[in-house]
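Derivation of every value follows stated rules applied to the coordinates shown; laboratory data play no part. This is a predicted model, so every value here is computed, not measured. When we count neighbours, we look across all protein chains shown, and the Cβ atoms used for this are built from the backbone with ideal geometry, even at glycine.
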Amino acid sequence: MELLHPWRLDFSTQPELKPVPVVSLVLPCFNEQEVLPETTRRLVALLARLEAEGKAAPGSAIYYVDDGSSDGTWRLVSEYAAAFPTVCGIKLSRNRGHQNALLCGLLTAPGEVLVSLDADLQDDLEAIPRMLDAHRAGSEIVYAVRHCRNADSVFKRTSAEGYYRLLSFLGVQVLFNHADFRLMSRRAIESLRGYEETHLFLRGLIPQLGYRTSVVEFERAPRFAGESKYPLRKMLSLAWQGVTSSTAYPLRLITGAGALVSLGSLLLSAWALGIRMFTDQAVPGWASVVIPMYLLGGVQLLSLGIIGEYLAKVYESTKKRPRFHVEAVCGSKLGTGFCGKDQP
Ligand code: UDP
Ligand code: MG
C-alpha cells in the first residue's frame, strides 16, 4: 500500500447532481469555552448562508460533542442549543479523547452529509461549500487537505510530515496532510458503523471504506483562542495508535531484525570457530562475547515490548468495551434518541 496523494484520487464528476443534502457539522470540544462563542457565531451564519445558496437543506445543524470538559463548554453548548434551533450538543460522560468524541458525533448526528471539523476555527470554513459541491458531484467522502503548514510551528510541521511519511513506509493508507476535517455521506457513515475497533485512528480507517472520494485544499489558520488540547503526550499517543491500530508491519520488522541478527551471530560463530581451529589465538575476546549479549538483550526487550503492545490491543479489543457513553444531549434535533452503537 502507498501514501495517497491528492492527484491520485478520483476527481471525476458525474453528470447528475445529488439532491441538496441535510448537513450536520460535527465538532468535538474539550475545554473550548474560549472559542465556542465565535465558532457558534460563524457556524450559524455559515449554515444560514449554505441554506440560502441552496447548498444545504433545511434541518441542517451543528453538533458539538463535549468530550468531558471541565470548563464551561457544556454550559455554553446548552445555552446555544436553547438560543439557536440549529445548535445541538452531546455530552460524553468523561474525556474519551478526540477520536472517540468525533466517532460519537458521527454515529449520533442525523443528516445526509456529515462534516467533521475542529472547534478552534483552524479548519477553514470556506472549504465547506467546496466540499459540499464535491459531494453533490458524486463523492461519498471529501477529504480536506492542508496545502501548506505555515500556521504550525517548525517542530509540529516537521514531526507531522515525518509521521505521515513513516505511516506510508509502514504501509498505512493515509492522505498526506489530512487530519479529521472531512465530509462523509450517510452511506459512508453507515459503513463506518460496521468497524468496531476499540483503538481508533479515523484518518487511517476511513480510506479503508473505499467509495468515490475527492480532495479539497485549504489553508489551516492558527487556533482562534485558547491552547492546543493536544499536548505532546496526546500527540505521541495518537501517533503510536496510528501505527499499531493500522498495521502489523512493526512485527514484521522485528522478524526481519531477528533474522538479520541470527545471520550475524552465525557468521560470528564461524569466525570464532575458524580462529579456534586454524590459529594460535584461541582465547576469545571479551568484547565479542559481551557486546552481542547486551545488543541481543536490548533487541529482545524492544521486540517483546512491541509484541506486547499488539497483544494488549488484542486483549482490550476482546473486552469489547464501549468507546464512549453519552451522558446528556441538548437541542431540537436530538430529542428522538441515538443511532450510535456505543449508547447508554
Ligand atoms: N479534542 C477533544 N478531546 C481531546 C482533545 C481535543 O475533543 O481530548 C478536540 C478539541 O477541542 C478540538 C480538536 O479536538 O476541537 C482538535 O484539538 P486541538 O485543536 O487542541 O489540536 P491541535 O490543532 O493543536 O492539534
Ligand atoms: Mg487545533
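A simple charge model with +1 on the Cβ of Lys and Arg, -1 on the Cβ of Asp and Glu and nothing else charged puts the dipole of the chain at about 540 debye relative to its Cα centre. Extension gain for residue 302-residue 169 works out to 45.9 nm (0.36 nm per residue, less the C-alpha to C-alpha distance). When the chain is treated as a Gaussian network with alpha carbon springs shorter than 10 Å, the biggest mean-square fluctuation among 186, 41, 165 belongs to 41.
As a test of the formula, what do you get for the chain when each DSSP H run with n ≥ 4 contributes -39,500 (n - 2.57) and the sum is divided by the residue count, at 222 nm and rounded to the nearest 500 deg cm²/dmol?
-15000 deg cm²/dmol
Three principal axis extents of the stretch 124-223 based on alpha-carbon atoms, in descending order, are 38, 32, 21 Å.
Structural descriptor for the chain: relative contact order 24 percent, calculated from alpha carbon pairs under 8 angstrom and at least 6 residues apart.
Across every pair of non-identical alpha carbons in the stretch 208-319, the mean reciprocal distance, once inverted, gives a Kirkwood radius of 19.3 Å. Loop-located trypsin sites (Lys or Arg not before Pro) in the stretch 93-139 (DSSP state other than H, G, I, E, B) with a sparse environment of at most 10 neighbouring Cβ atoms within 10 Å: 94. Per the Kirkwood formula applied to alpha carbons, the chain shows a radius of gyration over Rh ratio, Rg over Rh, of 1.11. Rounded to the nearest Hz, the phi-derived 3J(HN,Hα) couplings of the stretch 252-260 under the Karplus curve 6.51 cos²θ - 1.76 cosθ + 1.60 (θ = phi - 60°) are 5, 4, 5, 4, x, 5, x, 5, 4, where x marks glycine and proline.
Sorting 64, 80, 211 from the fewest to the most surrounding beta carbons within 10 angstrom yields 211, 80, 64. Against the main long axis of the alpha-carbon atoms of the chain, helix 36-52 sits at an angle near 60°. How far is helix 232-246 tilted off the main Cα axis of the chain, in degrees rounded to 10, range 0 to 90? Orientation of helix 232-246: about 80 degrees from the principal axis.
Annotation: the stretch 62-132 has a Kirkwood hydrodynamic radius of 13.1 angstrom, from the mean reciprocal C-alpha pair distance.
Considering all different alpha carbon pairs of the stretch 53-177, the Kirkwood hydrodynamic radius works out to 17.0 Å.
Computed 3J(HN,Hα) for the stretch 110-116, one whole-Hz value per residue from the Karplus formula 6.51 cos²θ - 1.76 cosθ + 1.60 where θ = phi - 60°, is x, x, 8, 9, 10, 10, 9, glycine and proline marked x. Quick one: angle between helix 127-136 and the longest Cα principal axis of the chain, in degrees between 0 and 90, rounded to 10, please. Long axis of 127-136 versus the principal axis of the chain: about 90 degrees. Taken one residue at a time, the phi angles of the stretch 172-177 give Karplus couplings (6.51, -1.76, 1.60, θ = phi - 60°) of 8, 7, 10, 8, 4, 6 Hz. Gly and Pro are set to x. Could you check which residue among 281, 99, 173 shows the biggest mean-square fluctuation in a GNM of the chain with a 10 Å Cα cutoff? Taking springs between Cα atoms under 10 Å, the residue moving most is 281. Would the stretch 128-167 count as rounded, prolate or oblate if I go by the C-alpha gyration tensor, calling it rounded below 1.5 in a/c and otherwise prolate when a/b exceeds b/c, oblate otherwise? Oblate is the answer for the stretch 128-167, as a/c is 1.5 or above yet b/c matches or exceeds a/b.
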